[in-house]
Amino acid sequence: MSERSGQVTAESTAAEAAIVAVEGDPAVDGTAVHKRNLADSAPTSTTGRLTERLRQMRGRGAMEIGVIFVLLQIGCIVYYLVDPQGFPYLEKANFNVLSQSIPVLAILAIGAGILIIAGEFDLSLGANFTFCALVFTRWYSDGASPWTATGMALITGISIALLNGILTTKAKIPSFIVTLGMMLFWEGAALFYNGTTATLMVPSETMKAIFAGDLGFFRGQVIWLLVLGGLFWLMVHRHRLGNHIFAVGGNPAAARAISINPARVKIIAFCILGLCVAIAAILTAVRTGSVQPGSGRGLELRAIAAAVVGGVSLSGGRGSVLGMVLGAALILTVQDILLLGGAPGFYLDLFVGLIIVAAAFFNRMIEGKAE
Amino acid sequence: MSAIAPSAEPAGNGATTMSPTATEARTGEALLELSGITKQYGPNTVLDDVSFTIHQGEVVGLLGDNGAGKSTLVKTMSGVVLADEGEYLWRGEKLGTINRQETEKRGVETIFQDSALVPSMTITRNIFMGREITNPIGLMKIKKMNEIAAQILDSVVTIEGIKSPNQLVGSLSGGQQQAVAIARAVHFKRSLLILDEPTSALAVRATEALLNYLLQLKKEGVSSVLVTHNLHHAFQVCDRHIVMNHGRKILDVRREDTSVEELTAAVVEGPEGLRRHREGKPLA
Ligand SMILES: Nc1ncnc2c1ncn2[C@@H]1O[C@H](COP(=O)(O)OP(=O)(O)O)[C@@H](O)[C@H]1O
Ligand SMILES: [Mg+2]
């Protein structure tokens, strides 16, 4: 649309005014006056842009979680400074633990979260995770090169998720049911493939350096999270594909009416989940050196929980990559605090459960405001 | 070029109840021609053997009571709904597959009655949904899209209260949402603009601006189909009126050959009312 379009409209409005029986040119004036309102609305100052950014974060549900996360970190640091022995938070040992666990859950949460934005679920995420880890360790311990083992794991993860995507979109069965069935199927398949005993692997030094490097205060998994998080952020929030994912999850009928193919977009979202699952499985397998059938059980719920805590709407169409990562970080930080504080084991689940419900409640409020 | 001369096409005089003068030759080449369109939802025949032609540069009013099948017909024209039977001709050529991709290629844009917007996305992202402006690797040029979105929202429809193209559509009022849907269709239309009750949530001034815009489009050779319940609006801007009743086309008549009274009789009372009106009896 040319810059003069407003003017053209105004002129012809005047010309045709008689036919449409507009008294005088109020509409014309309205157009002219209004013209500058929106076109000039783009924020010019730094603070203006910052406010705009924050409002966008808010709209995606990532602001509240960000604030809570920062407050929690401040609280932990203050507590640590007051009582470093009783609460060893800012210690190398503690950060090593956190920087191994948070990236894995965060990467899974990104996979699960993107799929939820697209309007679907994958309950077979945990079973897929186990199967990928088994494929990876078995190929590797059978003498395959690290690259082959990695490739096999990626192919496995993406294929399992792709199958879910095809069944869900082509057969038009709700993903909830398809993936519930597939969860049981792949759990069984893992036993069939591997037996009930754990598979061990001894990762080479290069492999350790790549997938679980020791960076002093942090572990290498954090690098993986930063790189993947950045790429997925670009894809979800800046790439056209991300726009389609939001559209399909937010209003599939509208997406279709505008010639976006919801099935295609959903299948891509399933594949993204598969990719994330495979990477998370590899990171875990290299770190632990042993994989057991059933080791991924329950991960699907934790990944979905992290996404929800991060502001992803369970009804689709709303969420952010930053929120998903923060959601995973928040859940694991709270667990960590409870552990450091010496709370008994059952408190962990209890608190995490409360956080999830509170987060879902928050999301509901945000959505209520927007509609 | 077009294999079908406007005066010879069957769709124009398909309806038996039609005014005889409507069969006269019309200016403008046939753009979209539907013939024998039938659509069933379960046991309900929602469209029953509907045929008509939209010519280039023509403003056509599509009228009828609630449930007459107007929106279904609109969706058929825009390729979102596939008819069970019937033909879809574009500039005289039969389309092999009819879907939204095909109609989009030909420059057809629709403002759907339910807006077809995503509440959880911004105005800009809604307007450019599926047609984002991107760099070669697909990353969106958000600033540029924002600028264009602001420009179109400022130009065609005059709606108060939209602060920024970054606002979420879900936070807008009904009229503002309608303005966004209009802006999107207006920006991408090239040959045919279909408007399904576009003014239902618009204020008087915005409605006038939109109706005027249709007249401007006509000058540019862009056709439009206007679905509305306001017969006065339709009568003011439309060159031709098609009245639907229970899935059938009962009237297809040029503005010169009809009156608001006749259209009212057809819309409100169907074929009965039309007959009564022609016999000169007053509305029952
Ligand atoms: N997707 C659908 N499934 C079943 N029935 C439908 C569907 N869409 C429309 N209908 C029915 O078709 C009829 C015509 O609807 P519609 O085209 O929306 O009419 P109008 O726009 O003229 O009010 C109505 O009786 C409606 O209930
Ligand atoms: Mg309708």
| request: Please indicate, with yes or no, whether at least one residue in region B:88-101 is touching a residue at least 40 places away in the same chain (Cβ under 8 Å) and either under 20 Å from A:P252 (Cβ atoms) or within 14 Å of ligand 2 (Cβ to nearest atom) (or both). | output: no
| task | Scan region B:111-145 for residues that are of a type in the set (S, T, N, Q) and open to solvent by less than 30 Å² (accessible area, probe 1.4 Å) and jot them down. | result | B:S115, B:S120, B:T122, B:T124, B:N126
| Quick one: is A:V227 over 27 Å from B:N126 (Cβ atoms) and either modelled with pLDDT of 95 or more or touching an Asp or Glu at 6+ places or on another chain (Cβ under 9 Å) (or both)? | yes
| remark: Taking region B:154-174 and the residues there that are open to solvent by 10 Å² or more (accessible area, probe 1.4 Å) and under 24 Å from the mean Cα position of the chain (by Cα), the one that is nearest to the other protein chains (Cβ to nearest Cβ) would be B:T158
| Of all residues in region A:293-307 being open to solvent by 10 Å² or more (accessible area, probe 1.4 Å) and more than 18 Å from A:L98 (Cβ to Cβ), which is modelled with the lowest pLDDT? | A:G294
| said: Go through region A:322-348 and report how many residues are open to solvent by 10 Å² or more (accessible area, probe 1.4 Å) and among the polar types (S, T, N, Q). | reply: 1
| task | Considering only region A:155-186, state which residues are β-branched (V, I, T) and part of a helix (DSSP H, G or I). | result | A:I155, A:T156, A:I158, A:I160, A:I166, A:T168, A:T169, A:I177, A:V178, A:T179
| When residues of region A:245-254 are filtered for being modelled with pLDDT of 95 or more and more than 7 Å from chain B (Cβ to nearest Cβ), how many remain? | 3
| message | Return the residues of region B:46-85 that are over 14 Å from B:V243 (Cα atoms), within 16 Å of ligand 2 (Cβ to nearest atom), hydrophobic (A, V, I, L, M, F, W, C) and within 14 Å of chain A (Cβ to nearest Cβ); say none if nothing qualifies. | response | B:M77, B:V80, B:V81
| Residues satisfying the stated conditions in region A:95-122, i.e. over 15 Å from the mean Cα position of the chain (by Cα) and open to solvent by 10 Å² or more (accessible area, probe 1.4 Å) | A:F95, A:N96, A:V97, A:L98, A:Q100, A:S101
| said: Just to verify a result, which residue in region B:86-104, among those that are touching a Ser or Thr at 6+ places or on another chain (Cβ under 9 Å) and in a loop (DSSP other than H, G, I, E, B), is farthest from the other protein chains (Cβ to nearest Cβ)? | reply: B:G92
| field | Residues satisfying the stated conditions in region B:226-244, i.e. over 24 Å from B:D49 (Cα atoms) and either within 14 Å of ligand 2 (Cβ to nearest atom) or open to solvent by 10 Å² or more (accessible area, probe 1.4 Å) (or both) | value | B:N230, B:L231, B:H232, B:H233, B:F235, B:Q236
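The values are calculated or read from the model by the stated rules, or taken from the named source; none is laboratory data. All values derive from a computational prediction rather than experimental measurement. Cβ: placed from backbone, ideal geometry, glycine included. Neighbour counts: every protein chain shown. Surface accessibility is based on the protein's heavy atoms, side chains included, excluding ligands, DNA and RNA. Shrake-Rupley method; radii C 1.70, N 1.55, O 1.52, S 1.80 Å.
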